[in-house]
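**Student:** Just dropping this structure here.
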Amino acid sequence: MTEQDRTEATRQVILRMEAALAANADDMDTHFHESFRWMGNQGCGTKNNLQAFRDHWQLPLRAAFTEREYKTERLVCEGDWASAFGHIEATHSGSFMGIEPTGKRVNIPYMDFWKVEDGRIVDNWVSVDFAHVLVQLGRDPFGGHGWENFDDGSVSSPERHVRNSP
């Protein structure tokens with residue numbers, strides 16, 4: 001198989017998996033290897049097999065956010081590797097990080113990096129911006145100290161200290 005063929009095969013695996021997640025499919029072993037690892041950022045956790053992914057990510061996400069629309073903004077593939085960034089638009093319909101359902105539509109930004117082997121995803125490194133989601137639901141996870149306040153001028157940036165080398 002040529003590198004171009006492997007790249008296209010990887011792309012098709014990812015597209016099928018994304019479509020299955022969006023459709024609330026339960027046959028995830030079609031898309032994920034039995035030794036699948038899902039490694040998320042703080043607040044998301046690490047799932048060391050497909051069942052843990054389903055029990056501690058996929059199903060809780062479904063319960064907390066319904067009417068999900070997956071909006072992949074860019075998918076890049078090379079050989080057995082793929083990456084994407086985008087967001088999920090969803091309705092907050094179930095408990096999420098201690099916040100009872102609000103019915104609000106939220107935007108859940110994400111970045112994914114996948115390794116595909118034997119036609120299925122074996123590893124998935126993920127960054128999901130739950131802080132952004134919490135702010136949309138009325139919680140400030142940074143207690144007013146988020147650095148975006150420097151950008152809008154509502155808080156002055158601390159003085160930078162430059163040390164000169166001897």
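Any read-out appearing in this document is the output of simple, stated calculations on the displayed coordinates, not a laboratory observation. In this text the structure is predicted, and so the values were computed from the model without any measurement. Heads up, the Cβs are rebuilt from the backbone with ideal geometry, glycines too, and the neighbour counts pull from every protein chain shown.
**Student:** Dipole of the stretch 1-64, Cα-centred, from +1 at each Lys and Arg C-beta and -1 at each Asp and Glu C-beta, to the nearest 20 debye?
**Tutor:** That gives a dipole near 240 debye.
**Student:** If we sort 97-104, 125-132 on the protection proxy, mean other Cβ atoms within 10 Å, highest first, what's the order?
**Tutor:** 125-132, 97-104
**Student:** With the dipole of the chain worked out from charges on the C-beta (+1 for Lys and Arg, -1 for Asp and Glu) around the Cα centre, which of Phe142, Ala20, Gln51 lies farthest toward the positive end?
**Tutor:** Of the listed residues, the answer is Phe142.
**Student:** Search the structure for amide H atoms under 5 Å from the amide H of His33, placed 1.01 Å from N in the peptide plane, and list their residues when 5 or more places away or on another chain.
**Tutor:** Ile121, Val122
**Student:** Follow-up. For the chain, what is the mean residue ellipticity at 222 nm derived from helices alone (per DSSP H run of n ≥ 4: -39500 (n - 2.57); sum divided by total residues; nearest 500 deg cm²/dmol)?
**Tutor:** The helix contribution divided over the chain gives -7000 deg cm²/dmol.
**Student:** Taking θ = phi - 60°, what integer Hz values does the Karplus form 6.51 cos²θ - 1.76 cosθ + 1.60 yield along the stretch 24-37, in sequence order, with x for Gly and Pro?
**Tutor:** 6, 5, 10, 8, 5, 5, 5, 9, 10, 5, 4, 9, 3, 10
**Student:** Further, regarding this structure: Relative to the Cα centre, what is the charge dipole magnitude of the chain, using +1 at the beta carbon of each Lys and Arg, -1 at the beta carbon of each Asp and Glu, and rounding to the nearest 20 debye?
**Tutor:** My answer is approximately 360 debye.
**Student:** Report Rg/Rh for the stretch 3-148, rounded to two decimals, where Rg is the Cα radius of gyration and Rh the Kirkwood radius.
**Tutor:** Rounded to two decimals, Rg over Rh is 0.98.
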